[in-house]
1. Taking the options K93, K130, name whichever one is modelled with pLDDT under 95, surrounded by 12 or more Cβ atoms within 10 Å (Cβ to Cβ) and not hydroxyl-bearing (S, T, Y).
2. Considering only the range 59-83, state which residues are closer than 14 Å to T33 by Cα and of a type in the set (S, T, N, Q).
3. From the list V210, V177, V282, pick out the single residue that is closer than 30 Å to A100 by Cα and in contact with a strand residue (DSSP E or B) (Cβ under 7 Å, 6 or more places away or on another chain).
4. Hey, can you tell me all the residues within the range 194-250 that are of a type in the set (A, V, I, L, M) and under 22 Å from S313 (Cβ atoms)?
5. Are there strands (runs of 3 or more DSSP E) fully within the range 221-330 with at least 2 residues that are touching an Asp or Glu at 6+ places or on another chain (Cβ under 8 Å)? List them.
6. Mind counting the residues in the range 96-119 that are exposed (fewer than 13 other Cβ atoms within 10 Å of the Cβ) and over 30 Å from T310 (Cβ atoms)?
7. Checking the conditions here, which among S181, S174 is within 27 Å of the chain's Cα centre (by Cα) and either of a type outside the set (A, V, I, L, M, F, W, C) or assigned by TED's automatic domain parsing to the domain that holds S235 (or both)?
8. Suppose we keep only residues that are within 35 Å of the chain's Cα centre (by Cα) and of a type in the set (F, W, Y) within the range 219-247. Which one would you say is modelled with the lowest pLDDT?
Amino acid sequence: MMKLKLIIITAVVLAMTAGFNSCKKDDKKYVVTFDSGEGTSVQSQTVEAGGVATAPANPEKEGYVFLFWHLSESTTAYDFQTPVNSDITLVAKWEEEEDAVYLLTELSYSDRTGSKMTIYLYDEQNRITKITEYDNDGIEDKIMTLNYDGADLISMKTKRFGGEYTHTYTKDGSKIVITASNTSGITTIDLNAQGFPLKATLKTTVWSNVLNCISPYTWQNGNITQADYKEEYESGPSTDYYISTTFTYDDNKSPFYNCQTPAWWIIREGGWWINNNPIISVELYNEIVTETKYTYTYNDDGFPLTIEFTVISDDEIINEGSYTFKYDKK
């Protein structure tokens, strides 16, 4: 009888122990930690054994798009229906955000003398293929058609006032040699390793004397900070003609920021818009100082929509006007 009682007591104790252990197991909790990888902080979660974590709100990280959470030892997205039976760390998977591509398609300009509009067309490589300029009365004034051979810009045909002429561009190492069908002058452009112009030299003849018109450029962070111009005769009369231009910028994007047409061509034919950032002031020195100041409005991606400008010389406003930009967003 005593043996039977002992067996019964032992069975009860074992059952109670098993039940206690079972309760302990059910009460076990685990921590789910979220590693956002320099993104916004995400609160960790405490989950009961066998329970599931809750997908948190997506973190944010400047310049990146959040894709999913994954276990540190895995590269696939974590299934938030998976039972949690240990402490785990979920890591954020990010993808670098691609900047919107804006191509300048229409540029309108007006000042005290009148207004004009320019239309730009591009190829699939975001290179300019055609520029059409319209005068103050909306009449087609000038058409420039650009031709490429592979990656190289090789020529431009210009039609104006019923006449036509062609510029030919020949690459010679780190130089571009430019000839034109309507002039005997030859321009040579020296390029740096990034393809930006370091110096442009036009050699032409004036009154039987060879004249070199030299324009050196200084670059910093993809922007021209200084552009000079001087004239030198190889023989005959000397000249002191000299212009120095300095530029300052803000931190937004220039209208041609995404344009893949060579920088040397845009500077030569299309103005100063090739710079990485928008120009906010230009100071030109030629015996007297002339300063142009620009005030911008921008879209949400930092591209100029309008510019108001004022030209000041000898403390007087000698011109003022505006630009308006329209883009094709890709």
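1. The conditions single out K93.
2. Passing the criteria: only S72.
3. V282
4. Listed by number, the residues that qualify are I224, A227, I243.
5. 242-249, 279-286, 288-298, 304-313, 316-329
6. Residues in the range 96-119 being exposed (fewer than 13 other Cβ atoms within 10 Å of the Cβ) and over 30 Å from T310 (Cβ atoms): 4 in total.
7. S174
8. That would be Y242.
The values are calculated or read from the model by the stated rules, or taken from the named source; none is laboratory data. All of these numbers come straight from a predicted model, not from anything done at the bench. Every residue, glycine as well, gets a Cβ built from its backbone with ideal geometry; the counts of neighbours run over all protein chains shown.
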